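Asks: Pasting a structure below so you can have a look.
Here, each number is a calculation from the coordinates, and none is a lab measurement. On a predicted model such as this, the values are computed, not experimentally measured, just so you know. Heads up, the Cβs are rebuilt from the backbone with ideal geometry, glycines too, and the neighbour counts pull from every protein chain shown.
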Amino acid sequence: MSSVGGPSGASAMGLGGVLQLRAEILAKSQALAPTAAPKAATEAQGAGFGAAMKDALDTVHRMQSESSAQSAAWERGETQDIASVMLSRQKASIAFEATLQARNRLLSAYRDVMNMPV
């Protein structure tokens, strides 16, 4: 019992987005991998972490903006595809939760370092 544009179409679109997000995460993970590099390359890696964090936050912001726009379009009656609206909302929610967990872990690590005896 399959219909054109039904749930299978929405899950395929969601799968492509998830695979794209996975590819971005893997690329950023490889960029942050430790390597035996000279001092100049190590300094460039320090800037790479900041750039990676900024990219991650920009991605979360973009996902939340897209989710809000899709929700507003559905509320105005401009779209009938509730599955894609709910999928984008869930993606934005998961991205935000992951960002929040990363922030909490970084803050905890900072506190641990600051409380170390010298």
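Asks: Regarding the stretch 75-118, what are the three Cα extents along the principal axes, ordered largest first, in Å?
Replies: Sorted from largest, the Cα extents of the stretch 75-118 read 62, 15, 6 Å.
Asks: Estimate the FRET efficiency between THR79 and ALA27 by the formula 1/(1 + (r/R0)^6), using the beta-carbon distance for r and 30 Å for R0, to the nearest 0.05.
Replies: 0.45
Asks: Separate question: Applying 1/(1 + (r/R0)^6) with R0 = 30 Å to the Cβ-Cβ distance of ARG62 and SER108, what FRET efficiency is obtained, to the nearest 0.05? Numbers along the way, then the final one.
Replies: Working: r = 27 Å, r/R0 = 0.91.
Efficiency, from the Cβ-Cβ distance: 0.65.
Asks: Still on this structure, please answer the following. From the P(r) of the stretch 42-118, could you give the percentage of C-alpha pairs in the tail past 18 Å?
Replies: The share of Cα pairs beyond 18 Å in the stretch 42-118 comes to 58 percent.
Asks: Any chance you could run the full-extension gain for MET116 through LEU19? It's 0.36 nm times the residue separation minus the Cα-Cα distance, nm to one decimal. Write down the numbers at each step before the final one.
Replies: Numbers: separation 97, 0.36 × 97 = 34.92 nm, distance 4.07 nm.
In short, 30.8 nm is gained.
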